[in-house]
Amino acid sequence: MTGKGKREAGKVLLEIKHLHATVEGTEILKGVDLTVRTGEVHAIMGPNGSGKSTLAQVLAGHPAYTVTGGQVLYEGKDLLAMAPEERAREGVFLAFQYPVAIRGITNAYFLRAAVNAIRKHKGVEELGPVEFMDALEEKLTAIGWDSSYLTRPVNDGFSGGEKKRNEILQLAVLNPKLAILDETDSGLDIDALKTVAQTVDKLRRPDNATVLVTHYYRILTHIEPDVVHVLASGRIVKSGGKDLALELEEKGYDWLRTEAAVA
Amino acid sequence: MNVADRYVADYKSFAGNGAAGAPPWLKQIREGAIARFAELGFPTTKQEEWRFTSVAPIVDTRFSHLASPIPHPGLSEIRSLLIGAGPRVVLVDGRYAPELSSPAGQPGGVQVGSLASAIRNGPSGDLAREHLARHARWRDSAFAALNTAFLADGAFVHVPAGVALEQPLELLFLSSGASGTDGPTVSHPRSLIVIERGAEAAVVETYAGLGDAVYWSNAVTEIVVGEGARAELYRVQREGPRGLQVATTHSRQERDTTLGVHVVTLGAALARHDITSVLAGTGAELILNGLYLLSDAQHADHHTVIDHAQPHCASHEYFNGVLAERAHGVFNGRIIVRPGAQRTDSKQTNNNLLLSTEARADSQPQLEIYADDVKCTHGSTVGPIDQTQLYYLRSRGLSAEAARGILTYGFGAEILDRMRQPAVREELDRLVRERLG
């Protein structure tokens, strides 16, 4: 557990205003408001079907979701106007809840292509295979992997836990400004959760931010959030400190549904 | 005269002149084969096995047989078609080209050379007699029958028992595209590969055209893998853009063998490849692994038959197709599990990537299972680039174009990754990248 103590409020990194989104004609997000500053970790919790993953995917630019209202500003720029790859190059990263397998393409090839796409965008020299492998070594060790994972095809034949670790490896390698973790903790055993959480925690810096979308309290015992939000029926119905997460762990979500209905 | 009769007439003049020196057993096979060809005639799209592939371009053209060999290209001209620097046999229009080939005799008693001379010599003649035209089912195929009727030369590979080869052996079949007296020509490339008990070997067959003329190449390969042997057969088709190719590859595996058959189809305007793999001994394992990359108006049809004749055998079949522009890919995968072939483990997949709305793929699995304790799975897909994969790559910063390129290459790389010979895999990887741009 890493206590960050009191510090000055960072710059506004992400500002979501009255965001509405639909998938296949059904409205899932019904007016989400959220502000994330640099140096912060936000946890977004909520029952199944509340729109947590939709919010994460809309921020990353999933083509299946249609934004029907509202605005998202990232570093003051219109995030929703950017293609998914532009968002990534500008420092937005989504760790997928269900990482996608790509046969025939090794993890190493994929990671290097991603790193170089971002380096090119920043005007930094692209890395050759050898330099890249050197740079990767430390990150690989951090998540408890050896290099055999690099020669395997991307997520192909990976267990659920391996896929999640692979997302975290990408997070560590790409080092984004805004990391959104969509239920990365689901399906991980205790050891894997700890490794993943420690890796994420080590990446915390005053100039970046993390949004943890989660169903469970336990990851928050490893990564201490600054703010906890409850998303229910497509809206943030409650926000608070880390104590709110504990309260949710004890009381479940039903009391909030009632509260949301009243509101 | 109907079209088939023209080839029968050609056969008669071939048997009258060019067949001199062939042993009686071979003459007998040829006679049987031409008779069978005359009975069968060319297939039509009314026949189930030819439903998606019209051989009209072959039937409608008067292909003749080259009366005399054309001048051969120099080694420098064919260098780019060779994969390694190992032992090789080069054939031009089905005839052995000694000046382009390595010495037939290799260390360890390995032979890699001309089929015609192998037939003439004592021990190799006996081997040829034992195996040649005994495996490929020419009685069921007009094309294999025609090849067999004109059988005079080809490539011969013999790896004696217990010999492990370090380098792959290369068989290069060139079609010159030279015109005969009556216009375009046909040749009948032939391979006989005998890998004896406990041996280890890899053989690369490359079929290539030397120009952009219309020609027809009608090939047959037989490979026999003896007990406990481990073998790989690579088959690279780089025929010319107007070339027509029909081919039969037949493998037979004895007990406890491992065989990888790797097929990469890049060339020809029209290609049909029938692959029959017989698992004839218990504990045999087969990997049948193929890739077809087609564009323009290319048509390639792969018909595979895996025959589980004995229990405890495994076959894993993977064919991927990438089809651009107006290309048409056909895959038909038949798996037969004979009565008594218990504990068969068979897996078949055929995935097709369509890069344009005009490209087309037809995929048909055919499972015939006559045993009850077996594990057989099959699956096939036909479709454009997967949108979820595309989004995943883009979400990591790759442009849509780069992501499409990676996903397309992945279709090929998945097949290439199963190849065990690094030098061959790398060369094929280069060809695939070049092809995909």
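The values are calculated or read from the model by the stated rules, or taken from the named source; none is laboratory data. Since we're looking at a predicted model, the values are computed, not measured. Virtual Cβ from ideal backbone geometry, glycine too; neighbours counted across all protein chains shown. Side chains included, ligands, DNA and RNA excluded: accessible areas come from the protein's heavy atoms. Shrake-Rupley method; radii C 1.70, N 1.55, O 1.52, S 1.80 Å.
Run the numbers for A:VAL67 and A:GLU250: contour at 0.36 nm per residue of separation, minus the present Cα-Cα distance, in nm.
62.5 nm
How well do other chains shield peptide B:408-420, expressed as the mean number of their Cβ atoms within 10 Å of each residue Cβ?
For this peptide, the per-residue mean of nearby foreign Cβ atoms is 3.
For the range B:80-211, taking Cα atoms only, what is the radius of gyration to one decimal and the Dmax to the nearest whole Å?
15.0, 49
How much net charge surrounds B:GLU427 when only the other residues with a Cβ under 13 Å from the Cβ of B:GLU427 are counted, with Lys and Arg +1 and Asp and Glu -1?
Within the 13 Å Cβ shell, the charges total +2.
When chain A is modelled as a GNM with alpha-carbon springs shorter than 10 Å, which of A:ARG205, A:ARG37, A:ARG112 fluctuates the most?
Judging by the Gaussian network model, the answer is A:ARG205.
Report the accessible surface area buried between chains B and A, summing both sides, using a 1.4 Å probe on protein heavy atoms only, in Å² rounded to the nearest 100.
2100 Å²
What number, in percent, do you get for the relative contact order of the range B:116-256 if the mean sequence gap of Cα pairs under 8 Å and at least 6 apart is divided by its residue count?
Dividing the mean separation by the residue count of the range B:116-256 yields 25 percent.
Report for the protein assembly as shown the percent antiparallel among DSSP-assigned beta bridges with both residues inside it, nearest 5.
The answer is about 20 percent antiparallel.
With all protein chains present, how much of the accessible area of the range B:315-382 (probe radius 1.4 Å) comes from carbon and sulfur, to the nearest whole percent?
After summing per-atom areas, the C and S share lands at 44 percent.
Loop only per DSSP, at most 15 neighbouring Cβ atoms within 10 Å: give me the GluC sites (Glu not before Pro) in the range A:120-215, ordered by residue number.
Sparse-neighbourhood loop GluC sites (Glu not before Pro): A:GLU125, A:GLU126.
Would you mind classifying chain B by shape? Square roots of the alpha carbon gyration tensor eigenvalues, ordered a ≥ b ≥ c; an a/c under 1.5 is rounded, otherwise it is prolate if a/b is larger than b/c and oblate if not.
Judged from the Cα gyration tensor, chain B comes out rounded (a/c under 1.5).
How would B:ARG129, B:ARG433 rank on accessible area, largest to smallest, probe 1.4 Å?
B:ARG129, B:ARG433
To the nearest 0.05, how large is the calculated FRET efficiency for B:ARG420 and A:GLU137 if R₀ is 41 Å and r is the Cβ-Cβ distance?
The value I calculate is 0.90.
Expected output is a single nm value to one decimal: the length gained when fully extending between B:ARG6 and B:ASN121, i.e. 0.36 nm times separation in residues minus the C-alpha distance. What is it?
Gain in length upon complete extension: 38.1 nm.
Given the options B:LYS46, B:LYS347, B:LYS27, which has the most mean-square fluctuation in a GNM of chain B, springs set between C-alpha atoms less than 10 angstrom apart?
In this elastic network of chain B, the residue with the biggest mean-square fluctuation among B:LYS46, B:LYS347, B:LYS27 is B:LYS46.
Please give the average number of partner chain Cβ atoms lying within 10 Å of the Cβ of each residue in A:102-110, rounded to a whole number.
Shielding by partners across A:102-110 averages 6.
Give me the inter-chain shielding for B:381-387: mean count of other chain Cβ atoms within 10 Å, whole number please.
Mean number of neighbouring Cβ atoms from other chains: 1.
Kindly work out what percent of the DSSP beta bridges joining two residues of the range B:3-436 are antiparallel, to the nearest 5.
Bridges in the range B:3-436 that DSSP calls antiparallel: roughly 5 percent.
Loop only by DSSP, 11 or fewer other Cβ within 10 Å of the Cβ. Give me the GluC sites (Glu not before Pro) in the range B:153-241 that pass, ordered by residue number.
Within the range B:153-241, the qualifying GluC sites (Glu not before Pro) (loop, at most 11 other Cβ atoms within 10 Å) are B:GLU166.
Per residue, how much accessible area does the protein assembly as shown have with a 1.4 Å probe, in Å²?
40 Å²
So how far, in whole Å, is the C-alpha centre of the range B:107-179 from the one of the range B:181-247?
One Cα centre to the other: 10 Å.
Ignoring ligands, DNA and RNA, how do A:LYS139, A:LYS164, A:LYS194 rank by accessible area with a 1.4 Å probe, largest first?
Correct descending sequence by accessible area is A:LYS194, A:LYS139, A:LYS164.
Which whole-number percent is the relative contact order of chain A (Cα, under 8 Å, 6+ apart)?
28 percent
Which positions within the range A:44-69 get 10 Å² or more of their accessible surface covered by the other protein chains, compared to the chain by itself, with a 1.4 angstrom probe?
A:ALA60, A:HIS62, A:PRO63
Give me the percent of accessible area attributable to carbon and sulfur for the range A:12-262, probe 1.4 angstrom.
Carbon and sulfur: 49 percent of the exposed surface of the range A:12-262.
I'd like the carbon and sulfur percentage of the solvent accessible area for the range B:117-268, probe radius 1.4 Å, heavy atoms only, ligands and nucleic acids excluded.
Using a 1.4 Å probe with all protein chains present, the range B:117-268 comes out at 41 percent carbon and sulfur.
Can you give the calculated 222 nm mean residue ellipticity of the protein assembly as shown, where each DSSP H run of n ≥ 4 adds -39,500 (n - 2.57) and the sum is split over every residue, rounded to the nearest 500 deg cm²/dmol?
-8500 deg cm²/dmol
If you take every DSSP beta bridge whose two residues both sit in the range A:12-262, what share of them, in percent to the nearest 5, is antiparallel?
The antiparallel proportion sits near 60 percent.
For the range B:1-42, rounded, prolate or oblate, judged on the Cα gyration tensor with a ≥ b ≥ c (square roots of eigenvalues), a/c < 1.5 rounded, else prolate if a/b > b/c?
Oblate is the answer for the range B:1-42, as a/c is 1.5 or above yet b/c matches or exceeds a/b.
In the range A:136-166, which residues have a backbone nitrogen under 19 Å from the label point lying 7 Å from A:ALA101's Cα in the Cα-to-Cβ direction?
Taking a point 7 Å out along Cα→Cβ of A:ALA101, the residues of the range A:136-166 whose backbone N falls under 19 Å are A:148-166.
Of the residues B:ASN350, B:ASN17, B:ASN218, which exhibits the maximal mean-square fluctuation in a Gaussian network model of chain B defined by a 10 Å Cα contact cut-off?
Comparing B:ASN350, B:ASN17, B:ASN218 in the GNM, the peak value goes to B:ASN17.
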